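Data block below; observations after.
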Amino acid sequence: MNKSSRPALRGGLSIFSWTCILLLIVPTLIKCQNLFPSWFKQLPRTPKGYCLSVGYAGRFVNRTLGKQVALDLALKNLYRQKGIRLKFKLEEIADGRLRITHPFYEMVYDPDSILEEGKDFRIVDSLYTDEAYFVLIASPPDIELDVKKEILTNWGPRPKWVDICECKAPAPHGIGIVSNYTSWIRAWQDADAFAYFDLARSVALRVESIHVARIKGFVVESKIMKQEFDITIKNCVITARWYDKNRDIYYSLCTPMSK
């Protein structure tokens, strides 16, 4: 190798090194937000008869569009609090050689009217960063609420509710858990939805099981199990979220609204 080629080689190695660094950093930025408001992690308590709802969106070139997407999600979550029908069915068939499962999920909510800003709700607080937009809305809009404007850069220690035992819980609750998502937006949306389903499961799950075992009839073991629920829940809300950055796991907590 001649001397004149060495600078070019060093330059090539430098570009390769920067490429590797970017490949390591970019997925991390996509997976989780680095700045977020405290009310995204823990929803403030409200007086009886009032609702708070959180909306969020990723990075948009058009900020106005990003804010509208976040607001639309906040309104969708507000409709869910008013009433949501959850359907779930799981059939599992096993005969000792193979196992077949048929899961079915459905979430239905029907907005009875279009909510208008100022009349039906108002924006209580918001945060716009280079990576995301967060918005907190309240309904009805005449609520008197002092929201603490605190911007967080980390999720802190593991909260107790993540490991709470269902049998020891003071009230019905649901915990949604997802992991290994490329988009943190989709991860939180799914974790929130699964939290609603988990709450419904804790109060309305029906289980049926059929077990057959034979020796001389050539059937060693056969099992059919069904789990299902179809329930409408009202006045339930996502009250807390937590992200385990080390294991890339998202947790959402759904509880009945305080009466």
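The values are calculated or read from the model by the stated rules, or taken from the named source; none is laboratory data. As the structure is a computational prediction, the values presented were derived from the model and not from experiment. Please note: Cβ atoms are built from the backbone with ideal geometry, for glycine as well, and neighbour counts cover all protein chains shown.
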Point to revise | Residues within the stretch 128-142 that are under 16 Å from Leu115 (Cα atoms) and in contact with a Phe, Trp or Tyr (Cβ under 6 Å, 6 or more places away or on another chain), tallied | key: 4
Revision key, fill the gap. Apart from one, (1) closer than 18 Å to Gln42 by Cβ; (2) in contact with a Ser or Thr (Cβ under 9 Å, 6 or more places away or on another chain); (3) modelled with pLDDT of 85 or more all hold for Lys148; the odd one out is (3)
Check your understanding: Restricting the first residue to the stretch 223-248 and requiring it to be free of Cβ contacts under 8 Å to residues at least 40 places away in the same chain, which pairs with a second residue that is assigned to a strand (DSSP E or B) meet a Cβ separation below 8 Å and a spacing of at least six or different chains?
Key -> none
Study note, to complete from the structure: Flagged in the stretch 45-70 as part of a helix (DSSP H, G or I) and surrounded by fewer than 21 Cβ atoms within 10 Å (Cβ to Cβ), in numbering order, are Arg63, Thr64, Leu65, Gly66, Lys67, Gln68, Val69
**Study point:** Lone unmet requirement of (1) charged (D, E, K, R); (2) modelled with pLDDT of 85 or more; (3) surrounded by 15 or more Cβ atoms within 10 Å (Cβ to Cβ) for Lys226
**Key:** (2)
Check your understanding: For the stretch 94-115, does any single residue satisfy the condition of being modelled with pLDDT of 85 or more and of a type in the set (Gly, Ala, Ser)?
Key -> no
Revision key, fill the gap. Of Arg186, Arg158, Arg201, Arg122, the only residue that is in a helix (DSSP H, G or I), surrounded by fewer than 16 Cβ atoms within 10 Å (Cβ to Cβ) and on the phi < 0 side of the Ramachandran plot is Arg186
Check your understanding: Any idea which of (1) in a strand (DSSP E or B); (2) modelled with pLDDT of 90 or more; (3) within 16 Å of the chain's Cα centre (by Cα); (4) of a type outside the set (Gly, Ala, Ser) is the one Leu127 doesn't satisfy?
Key -> (3)
Check your understanding: For the stretch 229-259, what are the residues that are in a loop (DSSP other than H, G, I, E, B) and at pLDDT 85 or above?
Key -> Lys234, Asn235, Lys245, Asn246, Arg247, Asp248
